[in-house]
Amino acid sequence: ELKENTIIIVLGASGDLAKKKTFPALFGLYRQGFLPRDVKIVGYARTKMDKAEFDKRATSYLKNPNDDPEITQAIQQFKDLSTYISGSYEDSEAFANLNAHLEEIESHYKGPEANRLFYFALPPSVFVPVAKNLKEQCYVTKGGGVNRVIVEKPFGKDLDSARELLSSLKQYWTEDETFRIDHYLGKEMVKNLLVLRFANVAMGAAWDKNHISNVQITFKEPFGTEGRGGYFDEFGMIRDVLQNHLLQVLSILTMERPVSFSAEDIRDEKVKVLRSIPPIAREDTLLGQYVSANGKPGYLDDDTVPRNSVCPTFAATTLWIHNPRWEGVPFILKAGKALNEAKVEVRIQFKDVTQGIFKDIARNELVIRIQPSEAVYLKLNAKTPGLYTRAMPTEMDLTYKRRFTEAKIPEAYEALILDALKGDHSNFVRHDELDVAWKIFTPILHWIDGKSGARPRPVPYPYGSRGPKELDPFIQKYGFKRANDS
Ligand code: BG6
């Protein structure tokens, strides 16, 4: 439940994440009436700036293209409930100063309870000192209120560093107080997976190795690192997207039915299925790096990228789940920057119909498009209308913007911040989920990092293309058939 008397404190308030994601999500919630009525927002960062400058930054990504007076007014109100404090991340006195500011706000509350939600929009290098300083200086105990922290990846770089980070943070914040964001879990279509699977007998019945040939979970972005090369090069495509966002989608797609909708029941099932996945094998991996094409710069042309970097900007990895439901079904996770389109989707390809009356007809496919233009469609064969019997491939199509014309699809960050305000952990990453996710990816990452010999060289692919030319044979190796191949 939403608690009144809540302050949301955004740490790293002058940075990119806060500007592009956190403040717009807070504003979206505010405008739709989803924040506690008396909410106050406090920005905190190193940068010294006055309130006007802070307001300018915090609202720079709020959209009001037609100067709608209602939105203009809401933006003004949003500014009025926000304040800004500057201070360092290491210095405990700066946090004592922040606390004094928070107490001043709380002194105007009705009732004794005070609640604080701390949002880390911070670089990982300061996670631990900030967690410590917040706990020691800004932890509120008045009236039995709650303190919560929202943190976001990167959670370490491999199994050991993630464990170290988590155990450092655990000294200050309990699991119950911690909300680890993977923003894919806030996306409407990712949340829809639970309903599609478990609220439909027809789907559930075909959801196994007897009916499914292969599954692809694909992430495509049409732009390169463009200025974020420094961060990206340290992490690479697997850490940036596969190990978290795509693996989360995979776990919901493949877990057994949870006993209930409770956060622990759902996460227990996710962890169980992830524990059935062995570390990814080198031969189940394809790495690529984009090169200049069509007037667009290659990865190595980006000034923020080290020369001769072999960091993958494209990765496809195939995972196997060793349990009775999924034994033998390949799950291909693939993600790339600087490709031909923006698209995130799950594509489940069913097996061929047994030969007999129909030969050489296309396989069924269920496609769940996460973005853009949310959709679920099932490719199936139907009789060609007319006075003869011929099967033709067609689709049952649930494109959201056609079917749900009035619906507003919530932003992922709005959904997740609201969950954290309510104390609902269902769509946040539990410590053991993170641990097992790193177990699956750490050996392949160490190989890519050169910890076990020569670093593998990614294959080149042109900016704006579908990916490396090696991709089609890679996918076909796992039994994927293109509709027109059959
Ligand atoms: C982030 C990655 O986690 O997700 C980015 O660090 C990526 O590299 C982004 O662009 C994609 O998120 P979305 O919501 O735009 O699909």
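The values are calculated or read from the model by the stated rules, or taken from the named source; none is laboratory data. Computed from a predicted structure; not experimentally measured. Cβ coordinates were reconstructed from backbone atoms using ideal geometry, including for glycine residues, and neighbour counts include every protein chain displayed.
Can you report the number of residues in segment 169-185 which are of a type outside the set (Phe, Trp, Tyr), more than 16 Å from the ligand (Cβ to nearest atom) and in contact with a Lys or Arg (Cβ under 8 Å, 6 or more places away or on another chain)?
Narrowing segment 169-185 to residues of a type outside the set (Phe, Trp, Tyr): 169-171, 174-178, 180-183, 185.
Now restrict to residues that are more than 16 Å from the ligand (Cβ to nearest atom): 169-171, 174-178.
Keeping just the survivors that are in contact with a Lys or Arg (Cβ under 8 Å, 6 or more places away or on another chain) gives 171, 175, 177-178.
The total comes to 4.
Considering every residue within segment 436-452, establish whether at least one is of a type in the set (Gly, Ala, Ser) and at positive phi.
Residues of segment 436-452 that are of a type in the set (Gly, Ala, Ser), as a first pass: 437, 450, 452.
Keeping just the survivors that are at positive phi gives 450.
Yes: segment 436-452 contains one or more residues that are of a type in the set (Gly, Ala, Ser) and at positive phi.
Hey, could you check segment 178-201 for residues that are closer than 18 Å to ILE150 by Cβ and of a type in the set (Phe, Trp, Tyr) and say which is surrounded by the most Cβ atoms within 10 Å (Cβ to Cβ)?
Among them, the one singled out is PHE179.
Could you say whether any residue in segment 291-303 is within 16 Å of the ligand (Cβ to nearest atom), farther than 21 Å from LYS477 by Cα, touching a residue at least 12 places away in the same chain (Cβ under 8 Å) and of a type in the set (Lys, Arg)?
Step one: list which residues in segment 291-303 are within 16 Å of the ligand (Cβ to nearest atom), which gives 299, 302.
From what is left, the residues that are farther than 21 Å from LYS477 by Cα are 299, 302.
Among the residues that remain, those that are also touching a residue at least 12 places away in the same chain (Cβ under 8 Å) are: 299, 302.
Okay, now just the ones that are also of a type in the set (Lys, Arg), so none.
No: zero hits.
Is it the case that LYS270 is under 21 Å from GLY464 (Cα atoms), under 24 Å from the mean Cα position of the chain (by Cα) and of a type outside the set (A, V, I, L, M, F, W, C)? Before the answer, list the steps.
On the way: under 21 Å from GLY464 (Cα atoms): no; under 24 Å from the mean Cα position of the chain (by Cα): yes; of a type outside the set (A, V, I, L, M, F, W, C): yes.
Judged against the criteria, LYS270 is not a match.
Scanning segment 204-216 for residues that are within 27 Å of VAL241 (Cα to Cα) and of a type in the set (A, V, I, L, M), which turns out surrounded by the most Cβ atoms within 10 Å (Cβ to Cβ)? Outline the logic, then answer.
The initial filter retains those residues of segment 204-216 that are within 27 Å of VAL241 (Cα to Cα), namely 207-209, 212-216.
Pick out the ones that are also of a type in the set (A, V, I, L, M) and you get 212, 215.
Details: ILE212: 20, VAL215: 23.
Among them, the one singled out is VAL215.
Looking at LEU122 and the list (1) touching a helix residue (DSSP H, G or I) at 6+ places or on another chain (Cβ under 7 Å); (2) away from the ligand (no atom under 16 Å from the Cβ); (3) under 23 Å from TYR44 (Cβ atoms); (4) not β-branched (Val, Ile, Thr), which single condition is not satisfied?
Going through the list (1) touching a helix residue (DSSP H, G or I) at 6+ places or on another chain (Cβ under 7 Å); (2) away from the ligand (no atom under 16 Å from the Cβ); (3) under 23 Å from TYR44 (Cβ atoms); (4) not β-branched (Val, Ile, Thr), LEU122 breaks only (2).
Pick from segment 334-362 the residues that are within 16 Å of the ligand (Cβ to nearest atom) and of a type in the set (A, V, I, L, M): which of them is surrounded by the fewest Cβ atoms within 10 Å (Cβ to Cβ)?
ALA342
Filter segment 386-427 for residues that are surrounded by 14 or more Cβ atoms within 10 Å (Cβ to Cβ), away from the ligand (no atom under 16 Å from the Cβ) and of a type in the set (Gly, Ala, Ser); which is nearest to VAL151 (Cα to Cα)?
ALA420
Might you check whether a residue that is among the hydroxyl-bearing types (Ser, Thr, Tyr), surrounded by 14 or more Cβ atoms within 10 Å (Cβ to Cβ) and either free of Cβ contacts under 8 Å to residues at least 40 places away in the same chain or over 26 Å from GLU188 (Cβ atoms) (or both) occurs anywhere in segment 245-263?
The initial filter retains those residues of segment 245-263 that are among the hydroxyl-bearing types (Ser, Thr, Tyr), namely 251, 254, 260, 262.
Filter once more, so that each one left must be surrounded by 14 or more Cβ atoms within 10 Å (Cβ to Cβ): 251, 254.
From what's left, either free of Cβ contacts under 8 Å to residues at least 40 places away in the same chain or over 26 Å from GLU188 (Cβ atoms) (or both): none.
Checked against the condition, which is being among the hydroxyl-bearing types (Ser, Thr, Tyr), surrounded by 14 or more Cβ atoms within 10 Å (Cβ to Cβ) and either free of Cβ contacts under 8 Å to residues at least 40 places away in the same chain or over 26 Å from GLU188 (Cβ atoms) (or both), segment 245-263 yields no hits at all.
Mind telling me which of the residues PHE223, PHE219 ends up being hydrophobic (A, V, I, L, M, F, W, C), surrounded by fewer than 20 Cβ atoms within 10 Å (Cβ to Cβ), within 25 Å of GLU414 (Cα to Cα) and within 16 Å of the ligand (Cβ to nearest atom)? Steps first, please.
On the way: PHE219 fails: surrounded by fewer than 20 Cβ atoms within 10 Å (Cβ to Cβ).
PHE223 is the lone residue from the list that is hydrophobic (A, V, I, L, M, F, W, C), surrounded by fewer than 20 Cβ atoms within 10 Å (Cβ to Cβ), within 25 Å of GLU414 (Cα to Cα) and within 16 Å of the ligand (Cβ to nearest atom).
Just to be sure I understand, how many residues within segment 461-486 are more than 19 Å from ASP240 (Cβ to Cβ) and surrounded by 13 or more Cβ atoms within 10 Å (Cβ to Cβ)?
Start the filter on segment 461-486 by keeping residues that are more than 19 Å from ASP240 (Cβ to Cβ), which leaves 462, 464-466, 469-470, 472-486.
Checking the rest, the ones that are also surrounded by 13 or more Cβ atoms within 10 Å (Cβ to Cβ) come to 462, 464-466, 469-470, 472, 474-481.
Summing the residues that are more than 19 Å from ASP240 (Cβ to Cβ) and surrounded by 13 or more Cβ atoms within 10 Å (Cβ to Cβ) in segment 461-486 gives 15.
With ARG430, ARG457 as the choices, which residue is at pLDDT 95 or above, among the charged types (D, E, K, R) and loosely packed, with under 14 Cβ neighbours inside 10 Å? Break it down stepwise before answering.
Working: ARG430 fails: loosely packed, with under 14 Cβ neighbours inside 10 Å.
Selected residue: ARG457, the only one of ARG430, ARG457 that is at pLDDT 95 or above, among the charged types (D, E, K, R) and loosely packed, with under 14 Cβ neighbours inside 10 Å.
For segment 48-73, what are the residues that are in contact with a Ser or Thr (Cβ under 9 Å, 6 or more places away or on another chain), exposed (fewer than 14 other Cβ atoms within 10 Å of the Cβ) and not in a helix (DSSP H, G or I)?
LYS48, ASN64
For (1) within 11 Å of the ligand (Cβ to nearest atom); (2) of a type in the set (Val, Ile, Thr); (3) closer than 30 Å to ALA338 by Cα, each residue gets a yes or a no:
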site: GLU234; (1), (2), (3): no, no, yes
site: ASN244; (1), (2), (3): yes, no, yes
site: GLU256; (1), (2), (3): no, no, no
site: LYS272; (1), (2), (3): no, no, no
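Could you tell me which residue of segment 2-31 is modelled with the highest pLDDT, considering only residues that are assigned to a loop (DSSP other than H, G, I, E, B) and under 13 Å from LEU421 (Cβ atoms)? Walk me through it before giving the result.
Let us first name the residues in segment 2-31 that are assigned to a loop (DSSP other than H, G, I, E, B), namely 2-5, 12-15.
Okay, now just the ones that are also under 13 Å from LEU421 (Cβ atoms), so 2-5.
On the way: LEU2: 82, LYS3: 84, GLU4: 86, ASN5: 91.
Across segment 2-31, the extreme among qualifying residues is ASN5.
Restricting to strands (runs of 3 or more DSSP E) lying wholly in segment 338-454: which have 2 or more residues that are within 26 Å of the chain's Cα centre (by Cα) and in contact (Cβ under 8 Å) with a residue 60 or more places away in the chain?
Strands (runs of 3 or more DSSP E) meeting the threshold: 343-350, 365-371.
Confirm whether PHE331 is within 30 Å of ARG390 (Cα to Cα), more than 14 Å from the ligand (Cβ to nearest atom) and modelled with pLDDT of 95 or more. Outline the logic, then answer.
On the way: within 30 Å of ARG390 (Cα to Cα): no; more than 14 Å from the ligand (Cβ to nearest atom): yes; modelled with pLDDT of 95 or more: yes.
For PHE331, the condition - within 30 Å of ARG390 (Cα to Cα), more than 14 Å from the ligand (Cβ to nearest atom) and modelled with pLDDT of 95 or more - is not met.
Within 16 Å of the ligand (Cβ to nearest atom) and among the charged types (D, E, K, R): does that describe LYS191? So that I can check it myself, show each step before the final result.
Values: within 16 Å of the ligand (Cβ to nearest atom): yes; among the charged types (D, E, K, R): yes.
Criteria met by LYS191.
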